[in-house]
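Novice: First, the structure itself, so that you have it in front of you.
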Amino acid sequence: MLDREGFRPNVGIILLNAQNEVWWGKRVREHSWQFPQGGIKYGETPEQAMYRELEEEIGLRAEHVKIVGRTRDWLRYEVPDHFIKREIRGHYRGQKQIWFLLRMCTRDNDVNLRLTDHPEFDAWRWHDYWVPLDVVIEFKRDVYQRALQELSRFLTWPANGQERRHGARYLRQPRTGGTSGSVTGPDAAAAAPASAVAATATTPACSATLEPCSATAQASSASATAAPPGAAAVASMPKAG
């Protein structure tokens with residue numbers, strides 16, 4: 001479904017934890033990182049598409065998150081011709097997106113990257129809000145910067161005025177039994193830092209003021225690593241679904 005200018009309606013998702021870190025996913029079999037995103041189907045509202053993509057791509061449902069904010073208007077990016085299928089060149093130009101800022105109100109172990117037969121991501125981590133754009137495919141970088149900038153007005157930091165940080169975790173999808181493991185093999189060689197620090201346990205929160213989701217929310221902890229390297233991202237096709 002394209003508009004008159006050749007842009008496909010799409011949604012992007014920035015998912016926060018209690019420390020205002022963002023969910024950062026590694027594309028399957030690639031070294032590029034991105035936020036969840038996907039197309040809006042005919043008859044869907046942007047919000048309906050967002051909840052569908054959230055579940056399809058990272059396994060979270062509406063009850064696991066709270067909407068903190070969204071962009072006012074569409075943000076557009078054009079896709080270079082060599083990434084566009086030959087049969088739609090001249091008609092398809094790129095994506096126009098509404099971006100949603102969400103607060104995660106559940107445990108990290110509820111993330112499931114294998115909910116569908118065609119997963120988008122094979123690993124994920126928490127990252128500082130201002131993600132490094134050099135690991136994002138080049139033609140998406142401007143939209144990422146504009147979305148992060150616009151949605152940052154909804155953030156509220158702890159009362160001491162400083163961001164509460166811990167080392168961002170680099171995790172694979174939860175295994176059977178609800179545990180998560182660190183990345184190993186070639187990906188670890190590319191992404192592992194010189195040192196790692198233990199992540200502090202956190203209580204999920206569902207508002208920008210960091211109120212706990214429930215008195216029974218359980219904290220989770222995992223080994224932490226530093227940010228992925230600043231090498232240029234491998235070019236990848238935009239999601240077709």
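Novice: Suppose we filter the range 1-21 for residues that are of a type in the set (Gly, Ala, Ser), under 18 Å from the mean Cα position of the chain (by Cα) and open to solvent by less than 10 Å² (accessible area, probe 1.4 Å); how many remain? Before you say what the answer is, go through the steps one by one.
Specialist: Residues of the range 1-21 that are of a type in the set (Gly, Ala, Ser), as a first pass: 6, 12, 18.
Still in the list and also under 18 Å from the mean Cα position of the chain (by Cα): 12, 18.
The next check asks that each one be open to solvent by less than 10 Å² (accessible area, probe 1.4 Å); those that pass are 12.
Summing the residues that are of a type in the set (Gly, Ala, Ser), under 18 Å from the mean Cα position of the chain (by Cα) and open to solvent by less than 10 Å² (accessible area, probe 1.4 Å) in the range 1-21 gives 1.
Novice: I need the full set of residues from the range 32-46 which are on the phi < 0 side of the Ramachandran plot and surrounded by fewer than 15 Cβ atoms within 10 Å (Cβ to Cβ), in order please.
Specialist: Lys41, Tyr42, Thr45
Novice: Among the residues of the range 22-31, is there at least one that is within 19 Å of Trp130 (Cβ to Cβ), touching a His at 6+ places or on another chain (Cβ under 6 Å) and surrounded by 20 or more Cβ atoms within 10 Å (Cβ to Cβ)?
Specialist: yes
Novice: With the requirement that a residue be within 18 Å of Ser32 (Cβ to Cβ) and buried (at least 20 other Cβ atoms within 10 Å of the Cβ), what does the range 107-125 give you? Spell out the reasoning first.
Specialist: The initial filter retains those residues of the range 107-125 that are within 18 Å of Ser32 (Cβ to Cβ), namely 113, 118-125.
Residues satisfying the conditions are Leu113, Glu120, Phe121, Ala123, Trp124, Arg125.
Novice: Let me ask something additional. So which residues in the range 57-91 are assigned to a helix (DSSP H, G or I), touching a helix residue (DSSP H, G or I) at 6+ places or on another chain (Cβ under 9 Å) and more than 18 Å from Trp23 (Cα to Cα), if there are any at all?
Specialist: Listed by number, the list holds a single entry, Phe83.
Novice: So, restricting to strands (runs of 3 or more DSSP E) that lie completely within the range 3-47, which ones have at least 2 residues that are over 21 Å from Thr71 (Cβ atoms)?
Specialist: 22-27
The values are calculated or read from the model by the stated rules, or taken from the named source; none is laboratory data. Remember, it's a predicted structure, so these values are computed and weren't measured experimentally. Please note: Cβ atoms are built from the backbone with ideal geometry, for glycine as well, and neighbour counts cover all protein chains shown. Protein only, heavy atoms only, side chains kept; ligands, DNA and RNA dropped before computing areas. Shrake-Rupley method; radii C 1.70, N 1.55, O 1.52, S 1.80 Å.
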